[in-house]
Amino acid sequence: MLNTLLESVMRQRLVVLLVTGGLIAIGIWSAVHLPIDAVPDITNPQIQINTTVPALAPEEVEKLVSFPIESEMAGLPGLVELRSLSKYGLSQVTMTFRDGVDIYQLRQLVTERLQTAEDDLPPGLTPKLAPIATGLGEIFYYALDYASDAKDIPSTRQTQLVELRQIQDYIVKPLLRNTPGVAEVNTSGGYERQIIIQPDPVRLAASGLSVDALAGI
């Protein structure tokens, strides 16, 4: 058998050379186009729920926000692990599912359950689903602050935090979101700038307007 094979190879040298050249070409093409990650993503599908929680301590965030959301999400199809992170200004609930689940259907189920969970949360809080990502999708944390030699720094720390939040929301965040491969940039901390209009009921009445009429303008 071996002698026959060797004899056939010697007689068909051109065919053997062509087949060998083709295999080498396919190998080179595969090596160039093969996607290789420095850190392979081996995590299960997951869904994250982020809730911005101002003015509450981590213990209160855990009790009033994270726990009610966790309780509502328990028992989802294919759920492997349910955990939460509660800290100043943020509640993050992470759900990990087994491989092969329909992540889009699960996100729809989570959205429906969130509507029920919002009834048990403090007023004014709006939980939001994070973009579709895995446990390796979170790249890094960063913080904004003034340099030691910066000029025109606001006089009070509260005003500084308002200005830093504006820089984050309107300068840093849009630039990062335009970076290829970045799905989302989550902001935590600082103070959002608000413009509050305080109407004078007496002057409104003198003008023939009511507060409801002013709100409808």
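The values are calculated or read from the model by the stated rules, or taken from the named source; none is laboratory data. Fair warning: this is a prediction, and the values are worked out from it, not measured in the lab. Neighbour counts are summed over all protein chains in view; Cβ atoms, including those assigned to glycine, are modelled from backbone coordinates with ideal geometry. Only protein heavy atoms, including side chains, enter the accessible area calculation; ligands, DNA and RNA are left aside. Shrake-Rupley method; radii C 1.70, N 1.55, O 1.52, S 1.80 Å.
General remarks:
- For first residues located in region 188-208 and farther than 30 Å from TYR88 by Cβ, partners that are open to solvent by less than 70 Å² (accessible area, probe 1.4 Å) and of a type in the set (S, T, N, Q) and lie 6+ apart or on another chain with Cβ distances below 7 Å form the pairs LEU204/SER210.
- Residue among LEU76, LEU121, LEU109 that alone is in contact with a Leu (Cβ under 8 Å, 6 or more places away or on another chain), in contact (Cβ under 8 Å) with a residue 24 or more places away in the chain, within 30 Å of LEU161 (Cβ to Cβ) and not basic (Lys, Arg): LEU121
- Restricting ASP145, ASP102 to those that are acidic (Asp, Glu) and within 19 Å of the chain's Cα centre (by Cα) reduces the list to ASP102.
- Number of positions in region 144-196 that are at positive phi and loosely packed, with under 10 Cβ neighbours inside 10 Å: 2
- Criterion (in contact with a helix residue (DSSP H, G or I) (Cβ under 8 Å, 6 or more places away or on another chain) and not in a strand (DSSP E or B)) met by exactly one of PRO131, PRO154: PRO154
- Set side by side, the residues GLY78, GLY21 differ, and just one is touching a Phe, Trp or Tyr at 6+ places or on another chain (Cβ under 7 Å) and of a type outside the set (D, E, K, R), which is GLY78.
- Inspection of region 4-26 identifies at least one residue that is surrounded by 11 or more Cβ atoms within 10 Å (Cβ to Cβ), of a type in the set (Gly, Ala, Ser) and free of Cβ contacts under 8 Å to residues at least 12 places away in the same chain.
- Scanning region 40-58 for residues that are open to solvent by 70 Å² or more (accessible area, probe 1.4 Å) and touching a residue at least 24 places away in the same chain (Cβ under 8 Å) returns ASP41, THR52, PRO54.
- Among residues of region 94-113, those that are of a type in the set (A, V, I, L, M, F, W, C) and touching a strand residue (DSSP E or B) at 6+ places or on another chain (Cβ under 7 Å), counted: 4
- Residue within region 60-68 that is in contact with a strand residue (DSSP E or B) (Cβ under 7 Å, 6 or more places away or on another chain), touching a residue at least 40 places away in the same chain (Cβ under 8 Å) and open to solvent by less than 50 Å² (accessible area, probe 1.4 Å) present: yes
- Within region 89-122, the set of residues being in contact with a helix residue (DSSP H, G or I) (Cβ under 8 Å, 6 or more places away or on another chain) and either aromatic (Phe, Trp, Tyr) or assigned to a helix (DSSP H, G or I) (or both) comprises PHE97, VAL110, ARG113, LEU114, THR116, ALA117, ASP120.
- Of all residues in region 197-209, those being loosely packed, with under 13 Cβ neighbours inside 10 Å and in a loop (DSSP other than H, G, I, E, B) number 6.
- Candidates are the residues of region 79-88 that are at pLDDT 90 or above and in contact with a helix residue (DSSP H, G or I) (Cβ under 7 Å, 6 or more places away or on another chain); the one that is surrounded by the most Cβ atoms within 10 Å (Cβ to Cβ) is SER86.
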